[in-house]
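Beneath this line is the structure, given in structure tokens, with notes to follow.
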Amino acid sequence: MVYNHQDIEKKWQRFWAENDIYRTEADPSKPKYYVLDMFPYPSGAGLHVGHPLGYIASDIVSRYKRLKGFNVLHPMGYDSFGLPAEQYAIQTGQHPAVTTEENINRYKEQLDRIGFSYDWNREVRTSSPQYYKWTQWIFMQLFNSWYNHDEDKAESIDKLIEIFSREGNKKINAACDDDIELFDAFFWNKLREEQKQEILLKYRLAYLKESTVNWCAQLGTVLANDEVVNGVSERGGYPVEQKKMMQWSLRITAYAERLLQGLNEVDWPEPLIEMQRNWIGRSEGAKVRFPIPDTDKKIEVFTTRVDTIYGASFLVLAPEHEWISQLTTISQKEEIEAYVAAAGKKSELDRMADTKTVSGAFTGAYAEHPLTGKRVPIWISDYVLASYGTGAVMAVPSGDQRDYLFAKHFDLPIVAISDAQDISEQADDTKKGKYINSDIINGMSYQKAVATLVSTLEEKGLGEATINYRMRDAIFGRQRYWGEPVPVYFKNNLPYLIDEKDLPLLLPEVDKYLPTESGEPPLGRAENWKYKGEFEYEKSTMPGWAGSSWYWFRYMDPKNTESFASEEAIKYWKDVDLYIGGSEHATGHLLYSRFWNKFLKDLGFHNEEEPFKKLINQGMIQGVSSFVYRIVDEEGVGTNKFVSFGLKDQYRTTPIHVDVNIVHHDKLDLEKFKNFRPEFKEAEFILEGGEYICGHEVEKMSKSKYNVVNPDDIIEQYGADTLRVYEMFLGPLEQAKPWNTNGIDGVNRFLRRVWALFHDQDGKWAVSDAEPTKQEMKSLHKIIHKVEEDIERFSFNTSVSAFMICVNELTEQKCNKRAILEPLLVVLQPYAPHITEELWAKLGHEPGTISQAVYPVFESKYLVEDEFNYPVSINGKLRTNILMGLDWDQQKVEETVLANKDIVKHIGDKKVKKIIFVKGRIVNLVV
RNA sequence: GCCUAGGUGGUGGAACUGGUAGACACGCAGGACUUAAAAUCCUGUGACCCUCAAAGGUCGUGCGGGUUCGAUUCCCGCUCUAGGUACCA
């Protein structure tokens, strides 16, 4: 019987589903292992061959860990709220829920064909009310919490109210809005309910505030910082402008320090950790206040170089700074207003593109230098960003290149502050040398100067050491339809949570998915949509990342109606041991998830500071586009003649993308090409060696480039097992690589050889119960050891190679012995589950047990000692070229060889060709 | 500019803590089976030199140095590629 992948794979996939083979239950008698894939957004295009790469890797790890006796949680679900379904709904009127359902079904079908070991009983969909009920519920907890910096955790808002009514807010060290005013208990207790709510809103972790947001007019919504890339929207690439709006935000900045510290305890790729560090952007420095004479105002600046304070010859405010209009003198009013208006009109993109030209305007006002008391002019310029620090800087032209250019341009004083500085051509930010022109720190070194200045400023009440973070609070509202409704209603213009009993707050039906005529979000179209028939609901919905910020908890207990996951389930499954997904989520999903995880920990729902202990970024699989070369006539018009790649230089040609599915090994299938597009029906070809050879190029996989390879086609032709093994064989998991099918035949051949081991030349089942030879045992144990080692370090490509070697060796030895083949199937099962299931069942085992049961293959009794261990090199460390990885007694071997230096001819059964000595030590044995 | 990762045959890639560089696979060449093709199997395959052959030699992991008995691996400088990030004070 030949290996028929189509029948075998269908048969086992059905068997697994019908018998619920991969069902997982919490089982305290077994150690748990949680393997998570970043769940997909089910787009209309379906899966291409790049998507399953990470899923295959995680599936291999899952199956392997099961074999090792772990209780493995390996779920899959859908991040099913999102823009494309809504855009489609706007165009067609089709409800996004319908589109989403269809797409999910298609995804499920495609995923099932690859043979994953997901427990589909645990599937989650972020857009289902049973799921988003709990997303809303977590939002309510955020609304009901504040961040206590003294305890370094989130606490209930009730506790805050209690403190307010007892002693006001003077002793509170909270994460809050920066316009807080201090009050005592007496003041608080006298306030009306609305006034209290207004103040509390400034402390809540989910809060509503007038803030500058990234507004994308084309998408009709605001975007979070991580959703804006290079000044345009991440989705669609539309322009984004700054706009002031009342917006829901999450106070993620309260967690900045913990988010940073947590990075030290996770096992993540270094680039990703670095990205998050940069995004959080911690910088140590000082806040310094420059008083404005004749007022009680002080301009606060943030600087990382207080030591240069004596070189501060002017202040610069961002054009958006809120005091500008008050500061500006009458004579400067016109100029300033013109500048502010011009800066406001500039898009983020323009502002970034033009960093060379120096521009700015003088307000006419002066501040007082906090240490020298000298008059310091106040300027505005767009090189100062409103969103960073305090939106104002003290300009030190001698130490900062931007300040230097500004000073040169507007002829402002440049004061050297160190004797080691060279400021003739440009600013010099050296910390070396002795300070000059710097009064109290003259002659000091950097460290001492900073300490002296900070204490002096603190004494005067004009500054203090501080830590500034680049990260901003996360804008949480979206003016969209297809997202979770925010469980909030308004009374007297103030937000209140709906009753927990009323969760989930269902997404209402609307007639169209567009904003209302009055500019309200689509939910404004819902008729009679009022809380208790009376109060207006919040009309914006949650952003795409809301549902994905806690989903790994839901998999632990997906059907729970009492809580987001039961205490027992969380206690057992704890956290994600291995998380596999793309690096594009570095500053979005992965940051927000860590934030929600820490928040839920603070509330006592679990005990893990970090949700994802180990994380792997699978590399992107790019497409390889194929080209045919159409001959162009004198006028430059394309003919219907196509010339093969090697001969194209003899003609005038234009390259045309051709569907990669009709090209194999760069050779074009001429008949299929003629049917590719009607215009090619009568195509003629100039061949080389009887073949038409195509050119190729690596590009991103996309429909328009005809280079999308669909896993279904590969599975149809070669089978899911081949696809799985081949994707692993392609190269290191974390590396980006182009898809090509050039090597797939080799992998397919390997699987057929596995099949052939169990059959004789006529294709009849032929497995013997004979005792294996030492040679055969050696081949087997090499692979067992190698697979274990490779999976532990996520080096899947090398174990595929090892499998090939193993099968070649066994084939050569004509080994058809059960004692060898049975364990071989077990270790191969994670990579190729279908073919191994089939052979496993034929060996007389209960179907399904291979992927379910713990098999003692990895236990030591299967590892035979000593006799397989041959040293190859001896020098403190061992290399085993003959046998991979098995331990051997180094000292013993070394002693033996040294004692018999002249007569050693064999080690084990290997002939020693050469003993290499260096300085009397054996460095290497050539065998 | 800054941060991070990387540069190995015709190709994808091995070489895990410094120890025979190029495993495994693709491709290519030759052969077997076949009327023929496909499939399958066998042999060869880094470059160069030498040899009828066996054998042997030299060079070789982006470039230039260094440490070492020995470097793809460690150190210094440069260069190129990919990803991230940027008036962040």
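The values are calculated or read from the model by the stated rules, or taken from the named source; none is laboratory data. It should be emphasised that the depicted structure is a prediction, and the values quoted were computed from it without experimental measurement. Ideal geometry is used to build each Cβ from the backbone, glycine not excepted, and the neighbour counts take in all protein chains shown. The area values use the complete protein model at the heavy-atom level, side chains included, leaving out ligands, DNA and RNA. Shrake-Rupley method; radii C 1.70, N 1.55, O 1.52, S 1.80 Å.
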Handout entry: R0 of 22 Å, Cβ-Cβ distance residue A:675-residue A:6: FRET efficiency to nearest 0.05
Key = 0.35
Practice task
Could I get the Rg over Rh figure for segment A:605-694? Both from C-alpha atoms, Rh via Kirkwood, rounded to two places.
Solution key: 1.39
Exercise for the section: List the lysines whose Cα lies under 16 Å from the Cα of residue A:32, skipping any in the same chain that are fewer than 8 positions away. Expected result: A:65, A:68, A:571, A:574, A:613, A:614
Fill in the blank from the handout: chain A -> Rg/Rh from Cα coords, Kirkwood Rh, value 1.04
Problem - Inter-probe distance in nm under a simple model that places probes 7 Å from Cα toward Cβ, at residue A:241 and residue A:560 - result: 4.6
Exercise for the section: Under 19 Å Cα to Cα from residue A:11, which aspartates and glutamates show up? Leave out anything in the same chain fewer than 8 places away. Expected result: A:20, A:109, A:112, A:119, A:712, A:713, A:716, A:721, A:837, A:838, A:846
Problem - Cα-based helix-to-principal-axis angle, A:818-828 vs chain A, degrees rounded to 10 - result: 20
Practice task
Pairs of Cα atoms under 8 Å, at least six residues apart: use those to get the relative contact order of chain A, whole percent.
Solution key: 13
Exercise for the section: Sort all Cα-Cα distances of segment A:397-465 into consecutive 5 angstrom bins from zero, then give the percent of pairs in each bin up to the one containing the longest distance. Expected result: 4, 18, 21, 19, 20, 14, 5, 0
Completion exercise
Excluding ligands, DNA and RNA, the carbon-plus-sulfur percentage of the accessible area of segment A:248-388 with a 1.4 Å probe reads 51
Exercise for the section: Take the Cα pairs of segment A:552-651, get the Kirkwood Rh, then feed it into Stokes-Einstein at 4 °C and 1.567 mPa s and tell me D in µm²/s. Expected result: 71
Handout entry: Probe 1.4 Å, accessible area per residue of chain A, Å²
Key = 46
Fill in the blank from the handout: Evaluated at 20 °C and 1.002 mPa s, the Stokes-Einstein D of segment A:479-610 based on the Kirkwood radius over Cα pairs, in µm²/s, stands at 126
Practice task
Kindly give Rg over Rh for segment A:17-150, based on alpha-carbon atoms, with the Kirkwood expression for the hydrodynamic radius.
Solution key: 1.05
Exercise for the section: Would you kindly find the accessible area of residue A:755, with a 1.4 Å probe and non-protein molecules such as ligands, DNA and RNA excluded, rounding to the nearest 10 Å²? Expected result: 10
Exercise for the section: Mind grabbing the base-10 log of I(q)/I(0) for segment A:685-797 at q = 0.19 Å⁻¹? Debye formula, identical points on the C-alpha positions, no solvent, two decimal places. Expected result: -1.21
Practice task
Would you kindly find the accessible area of residue A:376, with a 1.4 Å probe and non-protein molecules such as ligands, DNA and RNA excluded, rounding to the nearest 10 Å²?
Solution key: 0
Problem - Signed unit charges on C-beta, dipole axis of segment A:115-196, positive-most listed residue A:160, A:182, A:140 - result: A:140
Problem - Qualifying trypsin sites (Lys or Arg not before Pro) in segment A:92-181, DSSP loop, other Cβ atoms within 10 Å at most 15 - result: A:170, A:171
Completion exercise
Of the residues A:130, A:94, A:5, the Cα lying farthest along the dipole of segment A:1-160 towards its positive end, which is defined by charges on the beta carbon of Lys, Arg, Asp and Glu, belongs to A:5
Exercise for the section: Can you tell me the dipole magnitude for segment A:409-514 around its Cα centre, using point charges on the Cβ only (Lys, Arg +1; Asp, Glu -1), in Debye to the nearest 20? Expected result: 180
Problem - Counted charge near residue A:584, where neighbours are those whose Cβ lies closer than 11 Å (Asp, Glu -1; Lys, Arg +1) - result: -2
Practice task
Evaluate 2.2 N^0.38 Å with N set to the residue count of segment A:89-154, then give the Cα radius of gyration divided by it.
Solution key: 1.71
Exercise for the section: Give me D for segment A:167-242 in µm² s⁻¹, whole number, from Stokes-Einstein with Rh from the Kirkwood sum over alpha-carbon pairs, 37 °C and 0.692 mPa s. Expected result: 218
Exercise for the section: Give the angle, between 0 and 90 degrees and rounded to the nearest 10, that separates the Cα long axis of helix A:744-757 from the longest principal axis of the Cα atoms of chain A. Expected result: 40
Handout entry: Theoretical ellipticity at 222 nm over chain A - DSSP helices of four or more residues, -39500 (n - 2.57) apiece, nearest 500
Key = -9500 deg cm²/dmol
Practice task
Pop the C-beta distance of residue A:535 and residue A:410 into the FRET formula with R0 = 56 Å and round what comes out to the nearest 0.05.
Solution key: 0.55
Handout entry: Charge dipole (debye, nearest 20) of segment A:713-776; +1 at Cβ of Lys and Arg, -1 at Cβ of Asp and Glu
Key = 160
Exercise for the section: Express the carbon and sulfur contribution to the solvent-accessible surface of segment A:463-568 as a percent, rounded to the nearest whole number, probe 1.4 angstrom. Expected result: 45
Practice task
Kindly state, to the nearest 0.05, the FRET efficiency for residue A:149 paired with residue A:455, given R0 = 30 Å and r defined as their beta-carbon distance.
Solution key: 0.85
Handout entry: In Å², nearest 10: area of residue A:253 left accessible to a 1.4 Å probe
Key = 50
Completion exercise
Hull volume per residue for segment A:310-459, using the convex hull of the C-alpha atoms, in Å³ is 122
Handout entry: Filtered GluC sites (Glu not before Pro), segment A:182-265: DSSP coil and at most 16 other beta carbons within 10 Å
Key = A:265
Handout entry: Total charge dipole magnitude, chain A, about the Cα centre, Cβ charges on Lys, Arg, Asp, Glu only, Debye to nearest 20
Key = 1640
Exercise for the section: Count neighbours as other Cβ atoms within 10 Å of each site's Cβ, and list the trypsin sites (Lys or Arg not before Pro) in segment A:752-788 that are DSSP loop with at most 16 such neighbours. Expected result: A:764
